[in-house]
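Notes to accompany the following structure.
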Amino acid sequence: SARSHVGAVGVMQLMPATARWFGPAVLGRSVDPGNLNDNVETGVAYLGWLIRQSGDLRTAIGGYYQGLSSLRQRGPYDDTTAYIDSVLSYMGRV
């Protein structure tokens with residue numbers, strides 16, 4: 001039931017619009033971002049898709065946070081850079 005101030009939902013903090021697009025387009029079915037199983041499955045699949053699309057882990061993480069199109073068009077915002085660094089700091093530690 002977690003919801004961010006920008007409307008991201010659930011443990012994977014999916015934006016509802018991302019779930020509406022990604023579920024049918026990539027998973028082949030509708031997903032409910034408020035459902036724990038759908039949220040985790042979609043979030044993990046979306047991360048994998050972002051890695052394949054970008055070919056770069058930093059870009060994939062930034063794309064998850066800021067949106068891949070925005071990241072490519074504008075570059076990372078300061079908060080996106082901080083988010084990427086924070087996520088990467090956990091690699092190998094958890």
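The values are calculated or read from the model by the stated rules, or taken from the named source; none is laboratory data. Note that the structure is predicted; figures quoted are calculated from it, not measured. We place every Cβ from the backbone using ideal geometry, glycine too, and count neighbours over all the protein chains shown. Ligands, DNA and RNA are stripped out before the accessible areas are found, and what is left, the full protein with its side chains, is counted by its heavy atoms. Shrake-Rupley method; radii C 1.70, N 1.55, O 1.52, S 1.80 Å.
Can you give me the accessible area per residue for the chain, using a 1.4 Å probe, in Å²?
With all protein chains present, the chain gives 62 Å² per residue.
Test of understanding: express the Cα radius of gyration of the chain as a ratio to 2.2 N^0.38 Å, with N the residue count.
Numbers: Rg = 13.0 Å, N = 94, 2.2 N^0.38 = 12.4 Å.
For the chain, the normalised Cα radius of gyration comes out at 1.05.
Contour minus end-to-end for ARG29 and LEU88, with contour as 0.36 nm per residue of separation and end-to-end as the Cα-Cα distance?
Full extension of this stretch gives 18.2 nm more.
What is the gain in length, in nm to one decimal, between ALA45 and LEU57 on full extension, counting 0.36 nm per residue of separation less the C-alpha to C-alpha distance?
2.9 nm
Could you tell me what percent of the accessible area of the chain is made up of carbon and sulfur, with a 1.4 Å probe and every protein chain present?
The nonpolar share, carbon plus sulfur, comes to 54 percent.
Once ligands and nucleic acids are excluded and a 1.4 Å probe is used, how much of ASP78 is accessible, expressed in Å² to the nearest 10?
Probe radius 1.4 Å; accessible area of ASP78 about 140 Å².
For the chain, calculate the relative contact order in percent as a whole number, restricting contacts to Cα pairs under 8 Å that are 6 or more residues apart.
After rounding, I find 15 percent.
Counting other Cβ atoms within 10 Å, keep those with at most 10, restrict to DSSP loop, and tell me which trypsin sites (Lys or Arg not before Pro) in segment 6-94 are left.
Details: sites: ARG20, ARG29, ARG52, ARG58, ARG72, ARG74, ARG93; in loops: ARG29, ARG93.
Loop-located and lightly packed - ARG29, ARG93.
Assuming 0.890 mPa s and 25 °C, estimate D for segment 1-40 with Stokes-Einstein, Rh taken as the Kirkwood radius over Cα pairs, in µm²/s.
My calculation gives 250 µm²/s for D.
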